[in-house]
Amino acid sequence: MKEKIMDSFSEQIEIVYGFDPLCGWCYGFSNELKAVIDSLDHRVKFTLVNGGLFAGSRGIKMGQINAHIKRNMPLVTKITGTPFGESFINGVLEESNYPYDSKKSSVAVMVIKEMLPKRTFELASNIQKEFFFEGKDIQSDQFYRELICDYPIDKEEFIRNLNSKKYIESAEQEFTLASQYGFNGYPSCLLRKGTSTFVLSHGFVKAKPLIQKIESFLNQ
């Protein structure tokens, strides 16, 4: 059943994806989301919104969350089929003082949205894969230089933007937008049609039923 939040709509359909770079379930959902986008990108608009779940003042140290991650990794992998890498498990996951803070990676998403918008979802997914599988340090500028090495953009301009007040504030504004959308858990997907907004999913969901749900709106 469609959960309707607001009234009245037009023909334009937009899928709003709420996520956080350090959300393990979002990492597990990334392949399903890619399948949805590959199937429907020519028919609907997809927008990514940073939730700020672990950003800034909400960030913590790895030692405060690694026990929770260790308990949940087997479940995430069992349900989503997405593995966590040994480099993560035996590396950064054991670094108790590592900042579990998604602000910098959220800012990186804001920068790519402006510099190369068509690769926004790809960059967001790759940040998660590099962290949760490869165990890379997503707090370092060098990580982002390497991440965008094949992107047709000015790499040093990207790094300047990554550390600029403008994009940091843009990320913070998007955290507020996520709250206004009503995102209170991740991953989440909304569908906007004109001035109406509908909840598509809260938490992990397979691509096929999500595609079917979106197509039901397209066929109205």
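Values in this text are rule-based calculations from the coordinates and carry no lab data. Quantities reported herein were computed from a predicted structural model and do not represent experimental measurements. Please note: Cβ atoms are built from the backbone with ideal geometry, for glycine as well, and neighbour counts cover all protein chains shown.
In summary, the aspartates and glutamates within cross-link reach of LYS78, defined as a Cα separation below 17 angstrom excluding same-chain residues under 8 places away, comprise GLU32, GLU86. Need one number: % antiparallel among DSSP beta bridges in the chain, to the nearest 5. If I count the DSSP bridges inside the chain, around 75 percent turn out antiparallel. Across the range 107-199, Cα-Cα pairs farther apart than 20 Å form 44% of the total. About its Cα centre, the dipole of the chain is roughly 580 debye, where the only charges are +1 on Lys and Arg Cβ and -1 on Asp and Glu Cβ. For the chain, the Cys residues with no second cysteine's beta carbon closer than 4.7 Å are CYS149, CYS189. Note on GLU134 and SER87: the model spin-label points, each 7 Å out from Cα along the C-beta direction, lie 0.6 nm apart. Helix 62-80 and the longest principal axis of the C-alpha atoms of the chain enclose an angle of approximately 50°.
Please find the FRET efficiency linking ASP38 to CYS149, where r is the Cβ-Cβ separation and R0 is fixed at 22 Å, and quote it to the nearest 0.05.
So the FRET efficiency works out to roughly 0.40.
By how many degrees, 0 to 90 and rounded to 10, does the Cα axis of helix 120-132 deviate from the longest principal axis of the chain? That helix lies at roughly 40 degrees to the long axis. Estimated from helical segments only, the mean residue ellipticity of the chain at 222 nm is -15500 deg cm²/dmol, where each DSSP H run of four or more residues counts as -39500 (n - 2.57). To the nearest 0.05, what FRET efficiency results for LYS78 and GLN212 with a Förster distance of 25 Å applied to their C-beta separation? With a Förster radius of 25 Å, E is 0.60. Pairs LYS113/LYS155; LYS45/LYS136; LYS118/LYS165: which are spaced more than 19 Å apart, C-alpha to C-alpha? With Cα atoms farther than 19 Å apart: LYS45/LYS136; LYS118/LYS165. Nearest 10 degrees, 0 to 90: what angle lies between the long axis of helix 103-115 and the longest principal axis of the chain (Cα atoms)? The helix 103-115 is inclined about 60 degrees to the chain. A straight Cα-to-Cα reach below 12 Å connects LYS104 with the aspartates and glutamates ASP20, ASP137, ASP141, GLU169, GLU172, residues fewer than 8 places away in its own chain not being considered. Quick one: net charge of ALA35's neighbours, Cβ under 10 Å, K/R +1, D/E -1? Result for the local shell: +1.
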